[in-house]
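Undergrad: Can you read through this structure? Questions will come right after.
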Amino acid sequence: MSTILFIKVFLYLQLVGQGVKVTRMKSKWLILFMVFSLFLVACGGGSDEAAVEEVVDEEPAETLDAPATTAAPAEPEEDPMGICLVLDIGGLGDLSFNDLAYAGYEKAVADFGMEGTFLEPEGGGENRGELLELCAEAGNDLIIGNGFLFDASMNEVAPNYPDTNFAITDGVAEPGNVRGMLFNHAEGSFLAGVAAALKTQTNNVGFLGGVDFPLIHEFEQGFIAGVKAVNPDIEIQIGYATVAPDFGGFNDQVKGKEIALAQYEAGADIIYHAAGGTGTGMFEAAKEVSESTGSKVWGIGVDFDQYYQVGNALPELQEYILSSMVKSVDVSIYNAAKATMEGTFTGGASVDNLATGGIYLSYSGGYIDDIKDQIDSYKEKIMSGEIVPPSARP
Amino acid sequence: MKMRFRLVSVSAPIIALTISFGLSSLILLIIGKDPYETFKIMFEYGIRGKSIVSIINRSIPLYISAIAVAVGFKMGLFNIGVEGQYLMGSLVAAYIGAQFSIITPLHILFIIIVAVATSSLWAAIAGYLKVEKGIHEVISTIMLNYIGTGLIAYSLTTIFDEPNSNYDLPRTKELPETGKMPPLNKFFNIEDLQDLHGFLVIAVLVGIFYYWLVWKTTLGFDLRITGSNPIAAKFSGINPNKLVVIAMITSGGFAGLVGLGPLLSYFHRYTIDFPTGLGFAGIGVALLGRNHPFGMAVGALLFAFLQRSAQILDLNDVPKEIEQMMQAFILLIVVVFYEVIRRFIVKQQVKDASKRSDE
């Protein structure tokens with residue numbers, strides 16, 4: 001039907017063109033131009049779709065342990081539970097925070113037969129609240145806001161839907177039906193620091209932060225403390241892609257590569273990143289430096305087990321990924337979905353750390369297997385409270 | 001004769017709208033979605049009570065931004081810097097406005113004055129550079145946008161920052177109760193819906209003021225005459241340099257109001273979440289509305305409608321980016337059509353003139 005409409009409009013355009021007595025030549029150009037721009041837009045739209053699908057395919061299952069089959073419903077219920085995930089700015093395909101949340105969401109949808117919806121916000125805070133509300137009105141049972149920026153919107157929307165479960169990652173909110181899912185980044189980063197300090201040949205390591213603001217300082221301070229705990233004489237270089245309020249630093253591979261190259265050239269042989277998608281640039285830099293100088297340098301990943309996550313997307317970078325500080329946002333979201341299914345969901349803040357297993361250092365690739373004992377001894381000291389990694393700058 | 005021209009002019013946006021719907025339908029078909037269903041869902045969602053309030057709230061800053069751009073357009077001046085101007089104005093107004101408390105009308109008036117003054121000062125730099133140094137305003141305003149963004153980032157994290165517990169995200173102190181604009185819900189008897197921004201009143205006043213300024217004052221006449229024929233304007237005794245500076249300051253002054261709708265009615269402080277991009281969106285609305293106060297109001301409402309109603313699409317497995325494409329189609333086609341129509345009118349006028357001379 002709309003094709004016919006389109007053709008009619010097209011013919012009309014041509015008629016108007018003639019009525020105006022634009023020369024035949026010009027009206028042809030006009031039409032050609034419009035068809036061409038249509039073609040361009042159509043192509044652009046198409047490839048975008050493909051990109052998103054690709055990323056979805058690449059979701060590594062490795063970040064989640066084999067799911068318990070307990071809650072998988074044998075026969076589909078009449079009204080399946082609904083789960084709605086509102087992503088942070090950057091959206092799907094950031095190979096980081098959002099993809100991680102999506103992995104947990106996808107798993108929950110698959111395992112529990114939930115009806116899933118995920119939304120991406122436009123810029124501007126008002127839209128976050130709108131999307132949460134949209135999810136709530138659609139009758140979803142669990143609504144997740146991915147990222148600390150959702151706190152104000154949660155306070156605003158959640159009280160209006162007391163029977164709906166809400167969850168926010170990296171943040172807390174006041175209403176009783178909101179679960180605040182926090183992570184102790186300093187503990188995991190401390191272990192990353194220990195690994196880097198034990199593995200460095202040059203006594204020089206680096207830290208690459210995405211955006212210079214207190215959340216990332218938790219990673220930075222934990223890492224520094226870990227390095228210093230092993231050997232106080234190791235030099236630590238620190239670099240950030242951007243300074244808040246510019247949050248572009250979480251998705252800027254070029255800048256990540258630039259900073260990492262500078263740090264490797266200044267003598268670092270291991271860099272730990274807490275920079276989201278920017279970190280991919282660091283792994284590229286590691287490959288480039290290793291190949292040009294002949295001596296191998298490393299990167300330590302974050303959030304995902306990047307040995308698999310980056311390794312699957314870009315296999316040539318896999319051998320430069322020493323380890324990863326895994327932050328199981330996916331597991332937290334999966335658990336929130338499970339609790340919703342079982343009717344045991346509770347609000348309030350929960351903190352994941354080394355003890356709960358929501359934060360851990362990955363041994364994928366086997367590059368740090370030889371120092372596992374030393375790492376484990378630090379891990380036990382942290383869990384027993386003997387060492388408390390600092391989470392803020394002094 | 002005149003009537004016919006006007007009819008043709010008005011038909012342009014309608015035709016553009018129809019074509020862009022057609023093109024969007026085609027793209028929906030290509031990606032395997034039903035266009036009729038899609039538009040139906042959008043429309044049904046877009047006319048719900050909450051949506052209408054949201055649409056009006058969204059259109060307020062869009063409309064004011066369009067007016068800021070249009071003031072420049074009227075004299076052939078391209079103020080691409082509305083973006084930086086309104087962000088600067090909003091930040092300074094949010095900071096100063098939060099420092100004290102007086103009765104609400106005075107407090108809001110004060111915040112408005114601060115925002116307008118800051119933004120026009122920022123815009124005046126571009127005017128000065130054009131007049132004194134011959135730097136084209138497109139270049140200077142784009143550069144000033146970057147400088148403004150940097151200045152905002154710096155000052156928001158240092159002098160204007162209020163330490164807080166949410167990862168110490170950069171933000172200013174919250175406006176006191178007296179600095180918050182009361183919503184209009186009581187007035188329209190829609191208290192069950194979300195807040196209808198009180199800044200709507202100001203937006204309407206700004207529209208009227210813009211009309212009066214451009215069509216009923218000497219300054220407006222000078223602006224329009226310079227826009228349509230700069231050489232004739234110069235010889236009629238208009239000082240183009242002075243006019244550039246005045247136009248830039250006026251445009252910047254309107255820009256100062258853009259961010260105040262969201263600031264006074266929703267955010268009550270400047271945060272990293274503060275809406276950006278309104279300055280650029282305003283250029284599109286001004287083009288669509290042909291710099292006319294009524295046309296721009298329709299344009300702002302239309303874009304706001306598309307933005308809001310597209311929210312529902314993701315819930316129905318249609319990529320909501322289709323809405324951005326529609327906006328782009330509308331703009332592209334409307335620009336082409338205005339040009340086609342302009343030529344048509346010129347041709348007709350020539351024909352009429354020759355007919356008259358023949359008689």
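The values are calculated or read from the model by the stated rules, or taken from the named source; none is laboratory data. Predicted model only: the values in this text are computed from it and were never measured. Neighbour counts run over all protein chains shown; Cβ positions are idealised from the backbone, glycine included.
Undergrad: Taking residue B:263, is it surrounded by 19 or more Cβ atoms within 10 Å (Cβ to Cβ), in contact with a Ser or Thr (Cβ under 6 Å, 6 or more places away or on another chain), more than 11 Å from chain A (Cβ to nearest Cβ) and not acidic (Asp, Glu)?
TA: So residue B:263 fits the description; yes.
Undergrad: Something else: Yes or no: residue B:173 more than 14 Å from chain A (Cβ to nearest Cβ), part of a loop (DSSP other than H, G, I, E, B) and not β-branched (Val, Ile, Thr)?
TA: yes
Undergrad: Continuing with the same structure: Would you be able to say whether some residue in the range B:108-121 is touching a helix residue (DSSP H, G or I) at 6+ places or on another chain (Cβ under 7 Å), surrounded by fewer than 21 Cβ atoms within 10 Å (Cβ to Cβ) and modelled with pLDDT under 95?
TA: No - not one qualifying residue is present in the range B:108-121.
Undergrad: What tally of residues in the range B:13-30 results from selecting those that are within 10 Å of chain A (Cβ to nearest Cβ) and either closer than 24 Å to residue B:339 by Cβ or at pLDDT below 90 (or both)?
TA: The qualifying residues number 9.
Undergrad: So which residues in the range A:346-394 are out of contact with any strand residue (DSSP E or B) (no Cβ under 7 Å at 6 or more places or on another chain) and at positive phi, if there are any at all?
TA: A:357, A:366, A:385
Undergrad: Let me ask something else about it. In the range B:322-341, is there at least one residue being at the interface with chain A (Cβ under 10 Å from one of its Cβ atoms), loosely packed, with under 15 Cβ neighbours inside 10 Å and either over 24 Å from residue B:51 (Cα atoms) or among the hydrophobic types (A, V, I, L, M, F, W, C) (or both)?
TA: Checked against the condition, which is being at the interface with chain A (Cβ under 10 Å from one of its Cβ atoms), loosely packed, with under 15 Cβ neighbours inside 10 Å and either over 24 Å from residue B:51 (Cα atoms) or among the hydrophobic types (A, V, I, L, M, F, W, C) (or both), the range B:322-341 yields at least one hit.
Undergrad: To continue, here is another question. Pick from the range B:310-321 the residues that are assigned to a helix (DSSP H, G or I) and touching a helix residue (DSSP H, G or I) at 6+ places or on another chain (Cβ under 8 Å): which of them is nearest to the other protein chains (Cβ to nearest Cβ)?
TA: B:315
Undergrad: Looking at this structure, is residue B:157 within 14 Å of another protein chain (Cβ to nearest Cβ) and at pLDDT below 90?
TA: Considered against the rule, which asks whether it is within 14 Å of another protein chain (Cβ to nearest Cβ) and at pLDDT below 90, residue B:157 comes out as yes.
Undergrad: Among the listed residues A:138, A:108, which satisfies the condition of being over 29 Å from residue B:165 (Cβ atoms) and at pLDDT 90 or above?
TA: Sole residue among the options that is over 29 Å from residue B:165 (Cβ atoms) and at pLDDT 90 or above: A:108.
Undergrad: Here is a list of conditions, (1) in the same structural domain as residue A:200 (by TED's automatic domain parsing); (2) surrounded by 19 or more Cβ atoms within 10 Å (Cβ to Cβ), and residue A:314 meets all of them except one; can you say which number that is?
TA: Answer for residue A:314: the failing condition is (2).
Undergrad: Let me ask you something else. Report those helices (runs of 4 or more DSSP H) wholly inside the range B:29-102 carrying at least 1 residues which are closer than 29 Å to residue B:148 by Cα.
TA: Fully inside the range B:29-102 and qualifying: B:49-74, B:82-97.
Undergrad: So, one more: Take the residues in the range A:346-381 that are over 22 Å from residue A:182 (Cα atoms) and among the acidic types (Asp, Glu), then tell me which one is surrounded by the most Cβ atoms within 10 Å (Cβ to Cβ).
TA: Only one residue tops the list, namely A:376.
Undergrad: Collect the residues in the range A:304-335 that are in contact (Cβ under 8 Å) with a residue 60 or more places away in the chain and assigned to a helix (DSSP H, G or I), keeping them in residue-number order.
TA: A:308, A:309, A:310, A:312, A:313, A:329, A:330, A:331, A:332, A:333, A:334
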